[in-house]
Amino acid sequence: MNISAASNTSNDMLRMSQLAGSPNVSAKDVTAKQAFQQFVGGTFYQQMLKALRSTEQKVQYLDAGQAEEAFRNQLDQQLAQDLAASHGAAFSDSLYEAFEIGLKTRMAEKGTQIDQIA
């Protein structure tokens, strides 16, 4: 992980800890938001890397076969996780807020509390 990714991750963690310290946000909300960020960011970056890899042309005499493909898949997965951790909030924050509003609306319609589900 490079220095800018590490500083972005620490900024996200600082923001999450500040949210956890506020009286209106529980630890469940923080961990749910982190999981949402990992899923949304990871999925986005994984698909982006997959699309980028599909555009490159394979050269027969430089192709290392299945081992290289397995390594690239693992590398892409790790890159997607790192990018999601450092830059995933750019995608997930607005989606998480919309998800939270939709969940609260559904629960209000049914007359149930959100805390009872979690």
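Only the coordinates and a few stated rules stand behind these numbers; no lab work does. From a predicted model like this one, the values you see are computed outputs, not experimental measurements. For neighbour counting, all protein chains shown are included, and Cβ atoms are generated from backbone atoms with ideal geometry for every residue, glycine included.
The table below gives the values:
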item: Net +/- balance of residues flanking E97 in space, Cβ distance below 13 Å, scoring K and R +1, D and E -1; result: -1
item: Segment L103-Q57, extension gain: residue separation times 0.36 nm, minus the distance between their alpha carbons; result: 12.1 nm
item: Exposure proxy order (Cβ contacts within 10 Å, fewest to most) of V59, V30; result: V59, V30
item: Set of aspartates and glutamates with alpha-carbon distance to K50 below 14 Å, sequence-local pairs under 8 removed; result: E69, D76
item: Candidate aspartates and glutamates for bridging to K28, where Cα separation is under 14 Å - those fewer than 8 sequence places away on the same chain excluded; result: E100, D115
